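Just so it is clear, none of the values below were taken in a lab; they were calculated from the coordinates. Quick caveat: nothing in here was measured; it's all calculated off a predicted structure. Counting neighbours? That spans all protein chains shown, and the Cβs are built from the backbone with ideal geometry, glycine included.
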Amino acid sequence: MTNTIFDFVGGKTGEWKVIKMTTIKGDSLAKVTHVDKIASTILQCFQGIWSLKGITSHLHYTEKTEKEKLVSIQEDLGRQKATYAALIPIRKNDAWWNLAQDERRKIMENQSQHTHVGMLYLPAIARKLFHSRDINEPFDFLTWFEYAPEDEPAFNELLKHLRNSEEWKYVDREIDIRLKKE
């Protein structure tokens with residue numbers, strides 16, 4: 001997989017109109033009316049009130065069989081009927097990052113069942129994870145979801161389940177930005 005860099009630019013214009021911005025934990029982001037998701041480079045800067053960079057990468061905690069199942073049922077982003085989206089930047093605390101990768105995997109999969117729970121909502125909810133921690137961004141991950149308006153209750157249920165999991169005890173900053181395609 002080629003690593004691709006994306007900027008999520010919050011401002012007054014963009015492809016996605018902000019329906020609601022909610023600070024779940026930690027510091028908020030400045031309120032914006034629109035968000036653009038733009039392929040970029042590590043050096044590019046975009047005009048806006050704020051810009052968050054993330055890199056597509058391999059799935060760090062996913063085993064081969066899980067990845068194969070995900071790929072077989074996950075639909076691509078950009079589906080015509082998926083006119084709703086959510087950008088959820090997340091940062092985890094030092095206690096999380098001080099754990100070894102196998103310890104983090106156990107929390108994610110054995111205790112929180114992160115991948116299993118996510119798969120329950122496929123293919124209705126398409127998602128992509130962008131990594132930001134290693135490029136000195138304010139969040140560790142930028143999670144991007146797309147879904148049809150009628151799938152919003154299922155999306156809310158997915159978030160509720162994940163936010164009540166053991167893994168989420170390590171989150172110290174999270175913003176929930178709901179969007180509608182313009």
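Worth a mention:
- Backbone HN-Hα couplings from phi across region 157-164 [Karplus 6.51/-1.76/1.60, Hz, Gly and Pro as x]: 5, 4, 4, 4, 4, 5, 5, 9
- ³J(HN,Hα) computed for each position of region 108-124 - Karplus, 6.51 cos²θ - 1.76 cosθ + 1.60, integer Hz, glycine/proline x: 5, 9, 6, 8, 8, 6, 3, 5, 4, 4, x, 5, 5, 9, 8, x, 4
- Placing R0 at 22 angstrom, the Cβ-Cβ distance between Glu15 and Thr56 gives a FRET efficiency of 0.75 after rounding to 0.05.
- In the set (i) 22; (ii) 27; (iii) 38, the label that goes with percent of Cα pairs over 26 Å apart computed for this structure is (ii).
- Distances between placed amide hydrogens fall under 5 Å for Ile175 paired with Ile24, all partners being 5 or more residues away or on another chain.
- Estimated from helices alone, the mean residue ellipticity of the chain at 222 nm is -5000 deg cm²/dmol (sum of -39500 (n - 2.57) over DSSP H runs with n ≥ 4, per residue).
- Cα-Cα over 29 Å, subset of Lys106/Lys181; Lys81/Lys169; Lys25/Lys81; Lys20/Lys169; Lys12/Lys169; Lys37/Lys106: Lys106/Lys181; Lys81/Lys169; Lys25/Lys81; Lys12/Lys169; Lys37/Lys106
- Mean separation of Cα contacts under 8 Å (6+ apart) over length of the chain, as relative contact order %: 34
- Rounded if a/c under 1.5, otherwise prolate or oblate - region 93-145, Cα gyration tensor axes: oblate
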